[in-house]
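Enquirer: I have a structure I would like to understand better, so I am pasting it below and will then ask my questions one at a time.
The values are calculated or read from the model by the stated rules, or taken from the named source; none is laboratory data. Keep in mind it's a predicted model, so treat the numbers as computed, not measured. Neighbour counts are summed over all protein chains in view; Cβ atoms, including those assigned to glycine, are modelled from backbone coordinates with ideal geometry. Each accessible area value is taken on the protein alone, full model and side chains, heavy atoms only, with ligands, DNA and RNA left out. Shrake-Rupley method; radii C 1.70, N 1.55, O 1.52, S 1.80 Å.
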Amino acid sequence: MSFARTALFLVVLCSTVFAVDLKVDATFNAAFSSNDRVMDVHLLGDGRMLVSGAYCVNSSSPCTPFVIRLNANGTLDNSFSVPITGSTSSSWNSNEVSSIRPLAGGKFLITGDFKVGNDFTNYARINADGSIDATMQLASLGSSFGNRIIEPTPEGKFIVCAGRTINGENYNTAHRMNSDGTPDASFRVTFFVGGYCSDVQPLQDGKILLAASTWSWDPDQKPLHRLNSDGSKDMSFNGQPAERSYVEGLTLLPDGKIMVSNGTSGNNYKPAKRLLANGALDLEIPLCSGSIFLPMPDGSTYVGGCKRWQYYFGNPIQLSKVYADGSVDQKLDNIVFENHTNGTTSGFRDAGNGKLYVYGAFQGVSGNYTKRKLVRLEPNTTPKRAKYDFDGDGRSDLVVYRPSNGYWYLNQSSEGIRYFYWGFPTDKVAAGHFDNDGKTDIAVYRDGTNSTWHAWSSQLNDWRYINIGTAGDKPMTGDFDDLGPYIEDQAVRGVRNGVAKWFIREGMYVGNPTSQPYEYTLAGELPSDKPVVSDFSGDSRDEFGYFQNGYWYTYDYRGYAPPQTFQWGIAGDIPVPGDYDGDRQDDYAIFRPSTGVWWIARSSLGTLAVQFGNSTDIPVPADYDGDGKQDIAIYRNGEWWQYLSSTGNFRVENWGTATDKPVQAQTHQ
């Protein structure tokens, strides 16, 4: 039999450029309590940042507004102090600093609800050291100032998103202040009748974008306008959003275009829209409805609220990336910002080098409650966790189960040889991660009226069982929900009344052995089809499905990603999916026993075909060299033949006998 490598087929299946996944940067440690709020972040350019919000003991006590300066690692810079206090109001959100805007000369405008000395105000100007600039007249703008929006203009004045009475006259919708805080009577909005301002955005040419909403008794009016420098309506701007609708997230893009989300009262659907500079519609993004937009240098935009496909009806992904053509990045991991009581995400900031700040009132990030309120995300280039790694060193081990005596024989790459009695001759091999210690756990699946998963936890030094399925079912493991700690979920695939069905239990409930599974019936699946589990979308969640005569049909457990159909292989092939090119996205791959050829549709590097094995060999692909790529490998009568991706060479090791069951083959044996 030949193990010579064939010529590579120069076929690239997909040229899509995927974004790099993000993960929490553990080196950034901003300290906030579970009740605090972070409302705004301004990056200073030297790694430090100004942060505003409110310190809160609980939801019934007055909060303390703050503006602080943090060092690059998130620790507090005690050399900076802003002398503001809060009122004695017991309202949870009555005291806060909601925004920070940079001004000329190293100064900053802060807005919100706070006191300077004994004076309550909605804004103040602070110097670079945090002291109050006494040359700015302070004022309370009244209860209608609900959004606390004041934006500096290029000429040094301020547009206030609220009406005001000036010299006994009502200045409707929005007004302007001079640089010293006094009202500027030369600016007036007269065309917008009733209603209220919801956002403003000054432009470099002196004009102003105004977002305004109407009350039910007001005349029909559009929600987005451009104003001339005196507040009159710029008639050359024709805001596309329709009358009686509203816009959120008003964001100016670097090329002069405009991003908003646009909805109507009583309708939760508010699709994101990109407008041309004149207000005409450039692109609608129906998959996104968030009100937070952060444009990036590559033309993409981070959005706080998207779904990946049309028919997903759950909560939107809280951090999504949208490309210039309006497509949503399918690969970016779903980072969950835990929104408990009053928990929200307020905004994003570009930290450079692919990093991103996220801030708000969230309680934790993807189950990590030590990271909250303000976190820094960084590119996640960590290779995927190696499967069948029993000693936790990042390399897959040689492990066989011997049905004749019920023993497991482990040849571990770091911890050496180990033997373990665990199982009966009729048990099915069902190893997986069941305790989040980074090591694969020994496990078998035992048939019965109520079939049982029996796993040995190396972390607990104890065993646990999991009831799922019935006699004849096929056990499969995968990370279907990706909720915090890496504990694999349990799945069985079997036949009920002639119909193929899947039953899935989330690994987080592994401590409850009798928890009921979720049941799924996949369209078109036949009992004779081969079950598959793998992360084909690259979002760190496994899909499950089946291989039928060369076609792959897969489904996302939580419905985040659309069902996929992919043609790769022919009838009689053995599906052997995995990440063969190290891009954190699993590839469609088959081993063809009739020819001994592996055909791999690599998501980043194109098609690879390698002759490695023959018709009687058992495919056992895994990451044996620890480079983050799955290696081609076969098991033959106790010999492990491995084609190592790190060197391009093959290695042969003896471990096992002809009748042993190699653990790497548990998904297709």
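Enquirer: Step by step: first the residues of the range 610-648, then only those that are acidic (Asp, Glu) and within 17 Å of residue 399 (Cα to Cα), then the one that is farthest from the chain's Cα centre (by Cα). Which residue is that? If you could, list the steps in order and put the result at the bottom.
Expert: Narrowing the range 610-648 to residues acidic (Asp, Glu): 617, 623, 625, 627, 631, 639.
From what's left, within 17 Å of residue 399 (Cα to Cα): 617, 623, 625, 631, 639.
Values: 617: 40, 623: 26, 625: 29, 631: 28, 639: 42 Å.
Filtering first and then ranking leaves 639.
Enquirer: Just to be sure I understand, how many residues within the range 639-654 are touching a residue at least 24 places away in the same chain (Cβ under 8 Å), open to solvent by less than 40 Å² (accessible area, probe 1.4 Å) and under 20 Å from residue 390 (Cβ atoms)?
Expert: Of the residues in that region, 1 qualify.
Enquirer: Next question. Please verify whether residue 301 is of a type outside the set (Gly, Ala, Ser), under 30 Å from residue 58 (Cα atoms) and touching a strand residue (DSSP E or B) at 6+ places or on another chain (Cβ under 9 Å), treating the condition exactly as stated. Steps first, please.
Expert: Values: of a type outside the set (Gly, Ala, Ser): yes; under 30 Å from residue 58 (Cα atoms): no; touching a strand residue (DSSP E or B) at 6+ places or on another chain (Cβ under 9 Å): yes.
It is false that residue 301 is of a type outside the set (Gly, Ala, Ser), under 30 Å from residue 58 (Cα atoms) and touching a strand residue (DSSP E or B) at 6+ places or on another chain (Cβ under 9 Å).
Enquirer: Further question on the same structure: Looking only at residues that are crowded, with 20+ Cβ neighbours inside 10 Å and on the phi < 0 side of the Ramachandran plot in the range 401-426, which one is nearest to the chain's Cα centre (by Cα)? Can you show your working first?
Expert: Within the range 401-426, the first condition is being crowded, with 20+ Cβ neighbours inside 10 Å, and the residues that meet it are 401, 408, 410, 423.
Now restrict to residues that are on the phi < 0 side of the Ramachandran plot: 401, 408, 410.
Numbers: 401: 38, 408: 38, 410: 36 Å.
That would be 410.
Enquirer: Take residues that are β-branched (Val, Ile, Thr) and tell me which of the strands (runs of 3 or more DSSP E) falling wholly in the range 266-339 contain 1 or more.
Expert: Values: elements: 272-275, 281-285, 293-295, 301-303, 320-322.
The strands (runs of 3 or more DSSP E) meeting that bar are 281-285, 301-303, 320-322.
Enquirer: When only residues in the range 309-355 that are in contact with a Cys (Cβ under 8 Å, 6 or more places away or on another chain) and not β-branched (Val, Ile, Thr) count, which is modelled with the highest pLDDT? Walk me through it before giving the result.
Expert: Step one: filter the range 309-355 for residues in contact with a Cys (Cβ under 8 Å, 6 or more places away or on another chain), giving 316-317, 320, 322, 328.
Now drop any that are not not β-branched (Val, Ile, Thr), which leaves 316, 320.
On the way: 316: 88, 320: 94.
Top of the filtered list is 320.
Enquirer: Further question on the same structure: May I ask you to verify whether residue 627 is crowded, with 23+ Cβ neighbours inside 10 Å and in contact (Cβ under 8 Å) with a residue 12 or more places away in the chain? Step through it out loud before you land on a result.
Expert: Values: crowded, with 23+ Cβ neighbours inside 10 Å: no; in contact (Cβ under 8 Å) with a residue 12 or more places away in the chain: yes.
So residue 627 does not fit the description; no.
Enquirer: Among the residues of the range 99-121, count how many are open to solvent by 40 Å² or more (accessible area, probe 1.4 Å) and small (Gly, Ala, Ser).
Expert: 3
Enquirer: Going through 213, 179 one at a time, which residue ends up being out of contact with any helix residue (DSSP H, G or I) (no Cβ under 9 Å at 6 or more places or on another chain), farther than 29 Å from residue 272 by Cβ and touching a residue at least 24 places away in the same chain (Cβ under 8 Å)? Show your work before the answer.
Expert: Numbers: 213 fails: farther than 29 Å from residue 272 by Cβ.
Step by step, each of 213, 179 is checked, and only 179 is out of contact with any helix residue (DSSP H, G or I) (no Cβ under 9 Å at 6 or more places or on another chain), farther than 29 Å from residue 272 by Cβ and touching a residue at least 24 places away in the same chain (Cβ under 8 Å).
Enquirer: Next question. Select the strands (runs of 3 or more DSSP E) contained entirely in the range 486-579, then report the ones holding at least 1 residues which are surrounded by 15 or more Cβ atoms within 10 Å (Cβ to Cβ) and aromatic (Phe, Trp, Tyr). Steps first, please.
Expert: Numbers: elements: 489-496, 499-505, 518-520, 530-534, 543-548, 551-556, 564-567.
Of the strands (runs of 3 or more DSSP E) lying wholly inside the range 486-579, those with at least 1 residues that are surrounded by 15 or more Cβ atoms within 10 Å (Cβ to Cβ) and aromatic (Phe, Trp, Tyr) span 499-505, 518-520, 543-548, 551-556, 564-567.
Enquirer: Quick check on my filter: what residues within the range 64-76 are surrounded by fewer than 15 Cβ atoms within 10 Å (Cβ to Cβ) and either outside any loop (DSSP other than H, G, I, E, B) or over 28 Å from the mean Cα position of the chain (by Cα) (or both)?
Expert: 76
Enquirer: For residue 583, state whether it is more than 31 Å from the chain's Cα centre (by Cα) and acidic (Asp, Glu).
Expert: In short, no.
Enquirer: Still on this structure, I have one more. Being among the β-branched types (Val, Ile, Thr), crowded, with 16+ Cβ neighbours inside 10 Å, at pLDDT 90 or above and under 23 Å from residue 99 (Cβ atoms) narrows it down to one of 24, 38, so name that one. Don't jump to the end; show me each part of the working.
Expert: Numbers: 24 fails: under 23 Å from residue 99 (Cβ atoms).
Unique residue meeting the criteria: 38.
Enquirer: May I pose another question? Select from the range 179-207 the residues that are open to solvent by 40 Å² or more (accessible area, probe 1.4 Å) and assigned to a loop (DSSP other than H, G, I, E, B) and list them in ascending order.
Expert: Taking the range 179-207 first, the residues open to solvent by 40 Å² or more (accessible area, probe 1.4 Å) are 179-180, 183, 185-186, 188, 190-191, 193, 196, 201, 204-205, 207.
Answer for the range 179-207, where residues must be open to solvent by 40 Å² or more (accessible area, probe 1.4 Å) and assigned to a loop (DSSP other than H, G, I, E, B): 179, 180, 185, 186, 188, 190, 191, 193, 204, 205, 207.
Enquirer: Looking for something modelled with pLDDT of 95 or more and aromatic (Phe, Trp, Tyr) - is there at least one such residue anywhere in the range 292-301?
Expert: yes
Enquirer: Related question: Name the single residue that is nearest to residue 515 (Cα to Cα) among those in the range 443-462 being touching a residue at least 40 places away in the same chain (Cβ under 8 Å) and in contact with a His (Cβ under 9 Å, 6 or more places away or on another chain).
Expert: 445
Enquirer: Tally up the residues in the range 216-235 that are closer than 19 Å to residue 187 by Cα, open to solvent by 60 Å² or more (accessible area, probe 1.4 Å) and not charged (D, E, K, R), please.
Expert: Looking only at that region, the number is 2.
Enquirer: Got a sec? Which of 385, 372, 376 is open to solvent by 10 Å² or more (accessible area, probe 1.4 Å), assigned to a loop (DSSP other than H, G, I, E, B) and over 30 Å from residue 660 (Cβ atoms)?
Expert: Working: 385 fails: over 30 Å from residue 660 (Cβ atoms); 376 fails: assigned to a loop (DSSP other than H, G, I, E, B).
Result of the check over 385, 372, 376: 372.
Enquirer: Of the residues 448, 438, 469, only one is outside any strand (DSSP E or B), crowded, with 24+ Cβ neighbours inside 10 Å and modelled with pLDDT of 85 or more; which? Explain how you work it out, then say what you get.
Expert: Details: 448 fails: crowded, with 24+ Cβ neighbours inside 10 Å; 438 fails: crowded, with 24+ Cβ neighbours inside 10 Å.
Being outside any strand (DSSP E or B), crowded, with 24+ Cβ neighbours inside 10 Å and modelled with pLDDT of 85 or more holds for just one of 448, 438, 469, which is 469.
Matching residues to (1) modelled with pLDDT of 95 or more; (2) touching a Leu at 6+ places or on another chain (Cβ under 7 Å):
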| site | (1), (2) |
| --- | --- |
| 59 | no, no |
| 68 | yes, yes |
| 74 | yes, no |
| 80 | yes, no |
| 92 | no, no |
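Enquirer: Okay, moving on. Residues that are closer than 29 Å to residue 507 by Cβ, at pLDDT 95 or above and either open to solvent by less than 10 Å² (accessible area, probe 1.4 Å) or in contact with a Ser or Thr (Cβ under 6 Å, 6 or more places away or on another chain) (or both): does the range 593-605 have at least one? Let's see the steps before the verdict.
Expert: Step one: of the range 593-605, the residues closer than 29 Å to residue 507 by Cβ are 600-604.
Filter once more, keeping what is at pLDDT 95 or above: 600-602.
Applying the additional criterion that residues be either open to solvent by less than 10 Å² (accessible area, probe 1.4 Å) or in contact with a Ser or Thr (Cβ under 6 Å, 6 or more places away or on another chain) (or both) yields 600-601.
Checking the range 593-605: at least one residue is closer than 29 Å to residue 507 by Cβ, at pLDDT 95 or above and either open to solvent by less than 10 Å² (accessible area, probe 1.4 Å) or in contact with a Ser or Thr (Cβ under 6 Å, 6 or more places away or on another chain) (or both).
Enquirer: So in the range 649-669, with the set limited to residues that are in contact with a strand residue (DSSP E or B) (Cβ under 6 Å, 6 or more places away or on another chain) and aliphatic (A, V, I, L, M), which one is farthest from residue 424 (Cα to Cα)?
Expert: 652
Enquirer: Same structure, new question: Considering 40, 46, 77, which residue is out of contact with any strand residue (DSSP E or B) (no Cβ under 8 Å at 6 or more places or on another chain) and among the acidic types (Asp, Glu)? Quick ask: steps written out before the conclusion?
Expert: Working: 40 fails: out of contact with any strand residue (DSSP E or B) (no Cβ under 8 Å at 6 or more places or on another chain); 77 fails: out of contact with any strand residue (DSSP E or B) (no Cβ under 8 Å at 6 or more places or on another chain).
Exactly one of 40, 46, 77 is out of contact with any strand residue (DSSP E or B) (no Cβ under 8 Å at 6 or more places or on another chain) and among the acidic types (Asp, Glu), namely 46.
Enquirer: Exactly one condition in (1) among the charged types (D, E, K, R); (2) closer than 30 Å to residue 337 by Cβ; (3) open to solvent by less than 10 Å² (accessible area, probe 1.4 Å) is not met by residue 479; state its number.
Expert: Just one mismatch for residue 479, condition (3).
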